[in-house]
1. Out of 214, 225, I need the residue that is surrounded by 17 or more Cβ atoms within 10 Å (Cβ to Cβ) and either more than 14 Å from the ligand (Cβ to nearest atom) or in a loop (DSSP other than H, G, I, E, B) (or both). Which one?
2. With the condition being at pLDDT below 95 and over 26 Å from residue 104 (Cα atoms), I'd like the helices (runs of 4 or more DSSP H) fully within region 127-203 carrying at least 2 qualifying residues.
3. Given the conditions (1) at pLDDT below 50; (2) away from the ligand (no atom under 16 Å from the Cβ); (3) part of a loop (DSSP other than H, G, I, E, B), and given that residue 21 satisfies all but one, which numbered condition is not satisfied?
4. Across region 255-273, what is the number of residues that are within 14 Å of the ligand (Cβ to nearest atom) and not in a loop (DSSP other than H, G, I, E, B)?
5. Within region 51-88, count every residue that is within 12 Å of the ligand (Cβ to nearest atom), assigned to a loop (DSSP other than H, G, I, E, B) and in contact with a strand residue (DSSP E or B) (Cβ under 9 Å, 6 or more places away or on another chain).
6. Would it be correct to say that residue 110 is surrounded by fewer than 13 Cβ atoms within 10 Å (Cβ to Cβ) and either closer than 30 Å to residue 273 by Cβ or in contact with a strand residue (DSSP E or B) (Cβ under 7 Å, 6 or more places away or on another chain) (or both)?
7. Restricting the search to region 99-120, which residues are in a loop (DSSP other than H, G, I, E, B) and closer than 15 Å to residue 175 by Cα?
8. In region 159-181, is there at least one residue being away from the ligand (no atom under 16 Å from the Cβ), in contact with a strand residue (DSSP E or B) (Cβ under 7 Å, 6 or more places away or on another chain) and either free of Cβ contacts under 8 Å to residues at least 40 places away in the same chain or farther than 22 Å from residue 257 by Cβ (or both)?
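The values are calculated or read from the model by the stated rules, or taken from the named source; none is laboratory data. Quick caveat, the model's predicted, so the values are computed rather than measured. Methodologically, a virtual Cβ is constructed for each residue, glycine included, from the backbone with ideal geometry; neighbour enumeration extends over all protein chains shown.
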Ligand SMILES: Cc1cc2nc3c(=O)[nH]c(=O)nc-3n(C[C@H](O)[C@H](O)[C@H](O)COP(=O)(O)O)c2cc1C
């Protein structure tokens, strides 16, 4: 069994009853139910599906610590531009918290940020029969919907995908964004010497929350001593995929920030822990993008 498959089976096996060290799991169910309800008053539809029986292994940032951030968007100016493609159904998850933290940090540092929230947009991730040959060969015209996204991609210096780890791949909605927006003739084309990526001088980066072993925070080499070999293998597997995607599109893969050290929903030190997580992400972004 591959390491990915092993980790995935671990997630499934420990999704409710067991308590991994990084746990978002909740031994204190009523308290979590209360938090779910309080968030539910703002966002009832999402919460109903988040927790029908009052318990969840998903992360829930306490209401008073949710730090929503709305970026200002791209202008025609010449500041660096980062396109955030965020694929998370819940605005109060730790994963979304990482998106908010990163967007705010970039704007504080003079970088323009445009947010494409795929759930808010109700983005349809399915390549339709009608659209197939456009995606595959670039024949015909992009729809207005896809053209708009491609304009954001064209304007961006960096594209950051933010999604939780669901079965070790991009969540379906962001995978569909990749399939539909990064079409042939837009992102790459055939030449006499093979495929040529067309999105030169740009980069991709991924921010991903995960919920398995509590094995690390960051990227390759950032295990925390629980099973560093597995952590690195896991990160290297992502790097293989990301490098390949970047190669296709002709841009640079700047790597990932993977958080597998999510504060427990009921932690007494939640504020300190989420502050530390936010700071770790900012330190990483500074290193990768702002040096
Ligand atoms: C459908 C689904 C599949 C998941 N698969 C994985 C997985 O393969 N590996 C993993 O580490 N976590 C997996 N998780 C756990 C989530 O990554 C974890 O709950 C999430 O990152 C917690 O952060 P969030 O609540 O901020 O989204 C899965 C969660 C869902 C809902």
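1. Working: 225 fails: surrounded by 17 or more Cβ atoms within 10 Å (Cβ to Cβ).
None of the others qualify; the one that does is 214.
2. Working: elements: 132-137, 144-155, 172-181.
By residue number, no helices (runs of 4 or more DSSP H) qualify.
3. The one condition residue 21 does not meet is (2).
4. Qualifying residue count for the region: 6.
5. Total satisfying the criteria: 4.
6. So residue 110 passes the test.
7. Answer for region 99-120, where residues must be in a loop (DSSP other than H, G, I, E, B) and closer than 15 Å to residue 175 by Cα: 118, 119.
8. The answer is no; no qualifying residue exists.
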